[in-house]
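So the structure is just underneath, and the comments pick up after that.
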Amino acid sequence: MDMLREPVPVIGTGEWSNFQCLNFKESLKIGDIILVRKGRVPLALCRITSESFTDPILTSKYFNINFRHVEILDFYSGNECFPQAQGTLQKLINSHTQSWKFIDKWLNNIFNKMDIDNIINLLEEKKQVILQGAPGTGKTYITAAVSLSLMGEEFDPADHKGIMKKYDKLVNEKRIFFTTFHQSMDYEDFVEGLKPVIDDDNMTYEIKDGIFKTICKTAEQSGSLDAFDNAIEQLKHDCSEAPITAKTKNNVNFSVSYRNGKTFRVRSHNSAADEGKDFPANIESIKAFYRGETSNIYNISYVRGLCNYIMETYGVKPYSHNGPNLKYLLIIDEINRGNISKIFGELITLLEADKRSEGEHPIKIRLAYSHEENFSVPSNLYILGTMNTTDRSVGYIDYAVRRRFAFYTLSSNRDAIISYYADPTNGNDRVRDIALSLFDGIKDFITRHITPDFDIQDIMIGHSYFMARNADSLRRKLEYEIIPLLKEYEKDGIISFRKEEFKELTNSSFKLFGPQQ
């Protein structure tokens with residue numbers, strides 16, 4: 001772990017005369033993924049970033065002679081043991097082994113988290129993002145995961161049920177609003193408009209708020225962790241070079257330092273532990289304590305002390321559920337199926353980050369029906385849209401709309417299929433092999449017959465179409481979902497092929513399942 005905490009992380013090996021050390025010096029390639037462990041305890045997943053090298057200073061510290069620089073992808077925070085404890089260095093080449101499956105699942109969780117982090121960064125900067133991709137690329141799943149991450153909720157990227165449970169909770173708390181655009185939707189539905197009201201057989205018209213105006217009003221009236229988050233970032237900077245001193249509830253001084261990662265390192269001034277021995281104070285736990293949560297918090301005395309220090313030192317006010325900046329999210333499914341300019345109307349200008357209520361150049365307007373003055377879009381409201389890149393039946397998104405949204409493409413992912421079948425409850429090795437062969441064959445077919453207007457990542461059928469619990473279910477997906485979708489692609493001019501070529505594809509695809517029982 002000390003080697004991984006070097007300013008430029010390294011790994012090393014001894015100099016025994018065997019193939020393991022030869023592999024370290026010659027067989028490992030830049031870009032290879034390597035798991036670092038202590039016995040069966042996983043420590044970190046890394047990517048090799050250098051050739052083998054020697055360094056007398058590192059050798060004097062760690063005994064090893066040959067070293068490699070690595071990029072740390074993730075430190076392990078789970079509670080599973082690695083399937084094997086033997087061997088200094090082993091190259092995994094068989095995807096059927098438990099060791100391979102362990103690393104592959106972890107790696108895919110990391111990549112999912114990278115996707116989510118990239119989208120969150122775009123949302124924070126731009127305020128609105130459209131997730132675009134072909135059918136089955138996971139737009140619905142990642143929308144829920146992004147929602148939780150934006151709201152500061154912790155979750156396991158592999159636990160879909162857990163994600164949806166937390167997502168539903170935020171919907172019920174009116175932190176997340178959901179709508180679907182369609183061709184008949186307009187400004188009156190989305191912002192505000194006149195709606196008929198029948199009372200004692202008399203019909204009158206009243207101005208009713210649409211979903212967008214409703215969420216704007218809600219966001220204006222509710223609270224935020226933004227100031228606390230900013231203060232934590234400042235504390236990281238302040239104690240990264242030299243420790244600072246904070247106090248526990250009982251007035252005991254303790255030092256606080258930061259060396260990257262998800263924790264601050266703390267040590268009581270009264271500690272009898274060996275010099276250099278410190279303890280973690282998890283940053284997410286500090287945020288949870290600030291929100292009033294006290295259960296299941298490790299080192300709560302230090303966490304409380306750090307929370308109090310942050311509030312006192314950086315002038316952060318006590319948390320209020322009804323403060324002014326709690327984050328809110330509007331999810332717009334199939335956003336390109338509506339006339340976005342018509343639906344948003346004059347509010348399209350207010351979407352830009354600098355023109356929001358807390359932006360550098362805030363703008364307020366008078367609404368069309370209620371004539372409500374000084375209406376603005378809150379800075380703590382975020383918009384996440386989804387868009388099918390193969391749908392040619394919808395209108396064009398004009399430049400005025402495009403420059404106010406960031407576009408993030410989700411591509412069909414073969415590794416996601418491998419990861420899915422790594423779970424023993426999801427099919428078996430035979431079903432996985434058929435699914436991967438189907439994926440490869442269909443991708444090759446689309447690549448050879450794609451029209452010049454499209455890129456393969458825009459139209460390759462999504463990985464979810466190739467995930468099934470058994471061969472019969474996968475066969476039904478092929479027959480009633482994948483093949484009809486390819487036919488629609490051909491009708492829409494997305495791909496072009498001869499009937500004989502398509503017949504050859506379908507025949508070879510069904511042969512993968514063997515003779516029907």
- Message: Taking every DSSP beta bridge with both residues inside the chain, roughly what % is antiparallel (nearest 5)?
- Response: 65 percent
- Mean accessible area per residue over the chain (1.4 angstrom probe, all protein chains present, square angstrom) is 53 Å²
- DSSP loop (so not H, G, I, E, B), at most 14 other Cβ within 10 Å: list which trypsin sites (Lys or Arg not before Pro) in the range 180-289 pass both filters. 249, 259, 262, 277
- Query: If r is the Cβ-Cβ distance from residue 312 to residue 259 and R0 is 25 Å, what FRET efficiency results, to the nearest 0.05?
  - Reply: 0.60
- Message: Out of the total accessible area of the chain (probe 1.4 Å, heavy atoms of protein only), what percent is carbon and sulfur?
- Response: 48 percent
- Query: All other residues with a Cβ under 9 Å from the Cβ of residue 279 taken together, and with Lys, Arg as +1 and Asp, Glu as -1, what is their net charge?
  - Reply: +2
- In order over the range 247-261: 3J(HN,Hα) from phi, Karplus 6.51/-1.76/1.60, θ = phi - 60°, whole Hz, x for each Gly or Pro, gives 10, 7, 4, 8, 6, 8, 6, 9, 8, 10, 9, 9, 10, 6, x
- Under a no-solvent Debye model with one identical scatterer per Cα of the range 333-423, what's log10 I(q)/I(0) at q = 0.22, 0.23, 0.25, 0.26 Å⁻¹? -1.16, -1.21, -1.31, -1.36
- Item | By average C-beta atoms within 10 angstrom, highest first, the peptides 63-72, 463-472 | 463-472, 63-72
- Query: Of the listed peptides 101-108, 125-132, what is their order by residue-averaged count of other C-beta atoms within 10 Å, with the highest listed first?
  - Reply: 125-132, 101-108
- Note on the structure: Pairs over 25 Å Cα to Cα, from 161/487; 25/105; 169/477; 139/327; 127/213; 139/262, come to 161/487; 25/105; 169/477; 139/262
- Stretched out fully, how many nm does the piece from residue 370 to residue 270 gain, at 0.36 nm a residue minus the Cα gap? 29.5 nm
- Task: Pull out the extension gain between residue 470 and residue 6, defined as 0.36 nm times the separation in residues minus the alpha carbon to alpha carbon distance; nm, one decimal.
- Result: 162.3 nm
- Given charges at beta-carbon only (K, R positive; D, E negative), |dipole| of the chain in Debye: 1260 debye
- Message: Among 432-438, 383-389, how do they line up by average Cβ neighbours within 10 Å per residue, starting with the highest?
- Response: 383-389, 432-438
- Task: Please work out the FRET efficiency for the pair residue 160 and residue 183, using the Cβ-Cβ distance as r and a Förster radius of 25 Å; give the result to the nearest 0.05.
- Result: 0.20
- Task: Grab the Cα-Cα distance for residue 172 and residue 84, subtract it from 0.36 nm times how many residues apart they are, and report the gain in nm with one decimal.
- Result: 27.2 nm
- Message: For residue 385, what residues show an amide H to amide H distance below 5 Å, using hydrogens built from the backbone and excluding near sequence neighbours?
- Response: 129, 130, 131, 332
- Task: Enumerate the aspartates and glutamates that residue 317 could reach by cross-link, defined here as Cα to Cα under 13 Å, with residues fewer than 8 away along the same chain left out.
- Result: 226, 229
- Item | Other-chain or far-sequence residues with amide H under 5 Å of residue 43's (modelled H) | 36, 37, 38
- Message: Which GluC sites (Glu not before Pro) in the range 141-183 sit in a loop by DSSP (not H, G, I, E or B) and have at most 14 other Cβ atoms within 10 Å of their own Cβ?
- Response: 154, 173
- Taking Cα pairs closer than 8 Å and at least 6 residues apart, the relative contact order of the chain in percent is 15 percent
- Item | Phi to ³J(HN,Hα) by Karplus 6.51 cos²θ - 1.76 cosθ + 1.60 over the range 281-295, Hz, x for Gly, Pro | 10, 5, 5, 5, 5, 5, 5, 5, 4, 4, 7, x, 8, 10, 7
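The values are calculated or read from the model by the stated rules, or taken from the named source; none is laboratory data. Values in this document were obtained by computation on a predicted structure and should not be read as measured data. Cβ atoms come from the backbone with ideal geometry, glycine included; neighbour counts cover every protein chain shown. To get the accessible areas, we keep the full protein, side chains included, count just its heavy atoms, and leave off ligands, DNA and RNA. Shrake-Rupley method; radii C 1.70, N 1.55, O 1.52, S 1.80 Å.
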